[in-house]
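Taking it in order: structure first as structure tokens, then the write-up.
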Amino acid sequence: MSLSSMRSHTIKAGAFFIRNLRMTRRNAFTLFEVLFWPAVGLASLGLLTRFLALDADTTAFVLTGTIALSVVQVCQLDVAYGLLFDMWSKSVKHQFLAPIGVGHLVAGSWAMGAVRGVLAFLVMASFSTWAFGFDFLKAGPLPLILFLLGCVLSAAAVGVLVCILVLCFGYRAEVAAWSLVSMLMVLCGVYYPVEILPAPLAVAGRALPLTGILEGFRAGYGFPPAGSAPWAAGFAWGVAYLVAGGLTLHWATRYARRSGMLLRLSE
């Protein structure tokens with residue numbers, strides 16, 4: 001790829017980054033997604049750990065899951081918004097008439113989501129340290145960096161899946177932007193080890209990237225992972241889902257053109 005081609009792709013992806021940034025700045029309610037709702041969830045579960053008189057490591061187990069889930073939710077919403085903003089304004093067809101691809105949409109929106117996800121993490125980590133004495137640096141700086149990378153990688157895969165569903169099923173699928181993360185909460189061992197799930201669900205949970213990411217990070221808090229290489233498994237699944245999702249998203253775009261879905265999502 002030539003330098004000029006790379007510059008062109010960067011500018012196109014950057015356009016979606018700037019659009020999501022401006023939409024966030026203009027709509028004060030989007031701050032609730034970054035600050036208010038994650039803080040409410042963290043405070044509720046943190047107070048529950050106090051009520052149950054959990055020890056410091058078990059409290060860390062619960063809080064790391066809560067923070068991871070919030071980071072994934074905040075980041076994946078930006079990826080989904082890359083398409084949902086146009087669907088709500090009934091201008092999807094105009095976006096796809098422009099000389100851009102779905103890869104630019106995902107990359108630019110995901111970059112903005114990563115910024116918001118890291119901001120949400122800093123807010124929640126600071127609050128949990130002040131309110132519950134949670135030391136988010138106990139595992140070490142490298143595991144913390146890997147933890148954040150794993151969360152935003154998982155978020156990209158979830159956001160791409162939302163875009164695929166919207167292109168295939170239209171307005172009926174927009175609820176997936178808020179419901180898919182709830183499914184991750186059940187399967188990825190956010191609040192409990194995956195091993196306590198029924199066998200079929202445990203197998204499904206092992207095939208999700210966030211499971212390995214959480215196990216790798218929690219190892220620094222005294223919880224040995226079930227697998228021998230949780231970080232490798234988590235990132236491998238994350239990359240695999242993202243590649244598969246990217247290919248499927250290209251197919252979904254062609255399908256939406258042929259089926260007339262792009263017109264039904266536009267005026």
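The rows are residues; the columns are (1) at pLDDT 90 or above; (2) aliphatic (A, V, I, L, M); (3) out of contact with any Ser or Thr (no Cβ under 9 Å at 6 or more places or on another chain); (4) under 24 Å from Gly41 (Cβ atoms).
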{"residue": "Ile164", "(1), (2), (3), (4)": "yes, yes, no, no"}
{"residue": "Ile213", "(1), (2), (3), (4)": "yes, yes, no, yes"}
{"residue": "Trp237", "(1), (2), (3), (4)": "yes, no, no, no"}
{"residue": "Ala240", "(1), (2), (3), (4)": "yes, yes, yes, no"}
Being over 21 Å from Leu153 (Cα atoms), of a type in the set (A, V, I, L, M) and surrounded by fewer than 19 Cβ atoms within 10 Å (Cβ to Cβ) narrows Ala43, Ala60 down to just Ala43
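Matching residues to (1) without any contact (Cβ under 8 Å) to a residue 12 or more places away in the chain; (2) touching a Cys at 6+ places or on another chain (Cβ under 9 Å):
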position	(1), (2)
Arg25	yes, no
Leu35	no, no
Ala43	no, no
Ala56	no, no
Leu77	no, no
Ser89	yes, no
Ala114	no, yes
I'd like the residue in the stretch 129-162 that is over 18 Å from Met112 (Cα atoms) and small (Gly, Ala, Ser) and, out of all such residues, is surrounded by the most Cβ atoms within 10 Å (Cβ to Cβ). Ala139
From Leu97, Leu119, Leu105, Leu83, residue being surrounded by fewer than 19 Cβ atoms within 10 Å (Cβ to Cβ) and more than 15 Å from the chain's Cα centre (by Cα): Leu97
Quick one: how many residues across the stretch 237-267 are closer than 17 Å to Val158 by Cβ and not β-branched (Val, Ile, Thr)? 11
What pairs can you find where one residue is in the stretch 219-243 and over 16 Å from Leu149 (Cα atoms) and touching a residue at least 24 places away in the same chain (Cβ under 8 Å), the other is basic (Lys, Arg) and not in a helix (DSSP H, G or I), and their Cβ atoms are less than 7 Å apart, with a gap of 6+ or different chains? Gly220/Lys138; Tyr221/Lys138
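One line per residue, one yes/no per condition, for (1) within 23 Å of Val194 (Cα to Cα); (2) part of a helix (DSSP H, G or I); (3) small (Gly, Ala, Ser):
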site	(1), (2), (3)
Met23	no, yes, no
Trp37	no, yes, no
Thr58	yes, yes, no
Ile67	yes, yes, no
Gln76	yes, yes, no
Ile100	no, no, no
Gly103	no, yes, yes
Assuming Ala111 fulfils every condition listed in (1) surrounded by fewer than 24 Cβ atoms within 10 Å (Cβ to Cβ); (2) in contact with a Lys or Arg (Cβ under 9 Å, 6 or more places away or on another chain); (3) assigned to a helix (DSSP H, G or I) apart from one, which condition is it? (2)
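The values are calculated or read from the model by the stated rules, or taken from the named source; none is laboratory data. Nothing here was measured: the structure is a model prediction, and the numbers come from that model. Using ideal geometry, Cβ is built from the backbone for each residue, glycine included, and neighbour counts are taken over all protein chains shown.
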